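Have a look at the structure below before the remarks.
Taken together, the values in this text are just the output of simple stated rules run on the coordinates, not laboratory data. Just so we're clear, the structure is a prediction, and the values are computed from it rather than from any experiment. Counting neighbours? That spans all protein chains shown, and the Cβs are built from the backbone with ideal geometry, glycine included.
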Amino acid sequence: MKKEILGIIPARGGSKSIPRKNIKLFLGKPLIAWAIAALKESGIVSRIVVSTDDDEIASVAREYGAEVPFMRPRELAEDSTPTLPVLVHVLSWLKEHENYAPEYVVLFEPTSAAKRSYHVREIVEKLVATGADSVISVAEVPGVLNPMWQVAMDANDRLSIFTGGPLKNFIPQRQSLPKTYYRNSSIYAFKPSLLFSPEPNIYGDDSRGCIVDKKFAFDIDEPPDWEAAEEKFRKILEEENKNALP
């Protein structure tokens, strides 16, 4: 039985670090177009809704196949506005105006342009198969940044292993370190009921991870990130095209 899965892309108009970031051309297409394509080409998302306060972003989003059934209220489009109330607004609006309530939600950040359709599909399939509250994309932390190799320093400059114990207890070899992962802030799939729980969140009590190769784990937040991200993504696309050749 096909599940009703809603893809949400938050994309406000204001961006101080990179002006008009969400519709700035990234390898020839507006940045947001890559997010829309990833959700659409996954073949698993029923609807794609862009939440924006900006008419131009709304127009571009519709051009590339997303829905913009409403404009985001200005009070939810400030620099300091967290994502959670934006998601609550989307679900509340769709329920109130369309009586629409999806079984699952996929949050896709447009600044994570390198995430592909197969990542979306894998994450959603894991959520449905496991019955978890949420599944998020994660990437492995490099050994040198592993918390068991990090140190804490007290007021007297005395060092200790961040996870506890004196430095003499350091695990000497990187290969012996337990693997740790970080949220790469790009794709979150979750049960929408979490947004309306007594403690609204997108994780729940049972959150699973879906490992995404670190080459896909980059965001575009500052101007220097842009060209570096384009170059990395260009290589990803070239590799995909090469593998697709008969």
By per-residue mean of other Cβ atoms within 10 Å, what is the highest-first order of 33-39, 225-231? 33-39, 225-231
Least to most buried among Y181, Y104 (fewest other Cβ within 10 Å first): Y181, Y104
Packing-based ranking, highest mean first, of 85-93, 140-148 given that Cβ atoms within 10 Å are counted: 85-93, 140-148
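Between E96 and K168, how high is the FRET efficiency from 1/(1 + (r/R0)^6) when r is the Cβ-Cβ distance and R₀ = 51 Å? Nearest 0.05.
Values: r = 61 Å, r/R0 = 1.19.
The calculated FRET efficiency here is 0.25.
Using helices alone, I'd like the mean residue ellipticity at 222 nm for the chain: each DSSP H run of four-plus residues gives -39500 (n - 2.57), total over residue count, nearest 500. Walk me through the numbers before you get to the answer.
Numbers: 5 runs with 72 residues, N = 246.
That calculation yields -9500 deg cm²/dmol at 222 nm.
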Read-out Kirkwood radius over Cα pairs in Å, candidates [x] 19.7; [y] 18.8; [z] 18.0; calculated match is [x]
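With a Förster radius of 25 Å, plug the Cβ-Cβ distance of Y181 and K3 into 1/(1 + (r/R0)^6) and report the FRET value to the nearest 0.05. Display every interim value, and only then the final one.
Working: r = 26 Å, r/R0 = 1.05.
So the FRET efficiency works out to roughly 0.45.
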If exposed trypsin sites (Lys or Arg not before Pro) are those in a DSSP loop with at most 11 other Cβ within 10 Å, what is the longest stretch of the chain that has none? 17-157
